[in-house]
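Beneath this line is the structure, given in structure tokens, with notes to follow.
A short reminder: the numbers here are calculations on the coordinates, not readings from a lab. These numbers were taken from a predicted model, which means no experiment stands behind them. FYI the Cβ positions are ideal-geometry reconstructions off the backbone, even for glycines, and counts take in every protein chain you see.
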Amino acid sequence: MSLRTLAVIIPCLLLVACGFQLRGEARLPTVMDRTWLKASDDHSAFARELGRQLQANGVKLVDEADMQAATLEVFAERMRREPLTITGQARVREFLLMFDVEFELRDGAGNVLIERERLQLTRDYSFDEQEILAAQREQEFLEADLRRTMTMRLLRRLETVGES
């Protein structure tokens, strides 16, 4: 074999050996093949995003609980903003965005697969009173990013069901 071929094969083998894989489709447990997504607010942006991602990963969403469907219950989702740094003139310079989600997963028989759990994500951003419209748009962008990231984090958590 040539040196060039080895230079390509060895890194590939190392990546495969360490278990690396590209983030793509989630490997959700088979118990979730049919799932009732029960959210405190079915019409929230997060609930819609979560539903889309579940379906994109092969989950058939059902409208109510039944013996063949798991129940993914989202008890609460909360986006909040708090001052992070304040200037000597008592003006906020940075805000901290926090997004919390509380959920639980049960199988069709009602057995708890994931106890009620809370996930939290945070992002901080600068605030300039002179550019209030830009700051508002940045906050909206960060909120959307937090919802997408939380959806992926929740899917990764669901993948752990059945692992020991």
task: Under 11 Å from the Cβ of Arg106, count the other residues' Cβ atoms, weight Lys and Arg +1, Asp and Glu -1, and hand me the total.
output: -2
message: What does the charge count around Arg116 come to, taking other residues whose C-beta lies under 12 Å from its C-beta (Lys +1, Arg +1, Asp -1, Glu -1)?
response: -3
statement: Rounded to the nearest Å, the spacing of the alpha-carbon centers of region 92-164 and region 26-73 is 17
- request: Report the paramagnetic label zone for Thr85: residues of region 115-144 whose backbone N is under 19 Å from a point 7 Å from Cα along the Cα-to-Cβ axis.
  value: 122-132, 135-136, 138-139
field: Axial C-alpha extent at least 18 Å, average Kyte-Doolittle at least -1.0 - helices from the chain (DSSP)
entry: 3-17, 132-159
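Evaluate the charge dipole of region 29-158 about its Cα centre and quote only its size in Debye, nearest 20, assuming +1 on the Cβ of each Lys and Arg and -1 on the Cβ of each Asp and Glu.
For region 29-158, the charge dipole is close to 260 debye.
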field: Mean separation of Cα contacts under 8 Å, 6 or more apart, over the residue count of region 29-158: relative contact order %
entry: 22
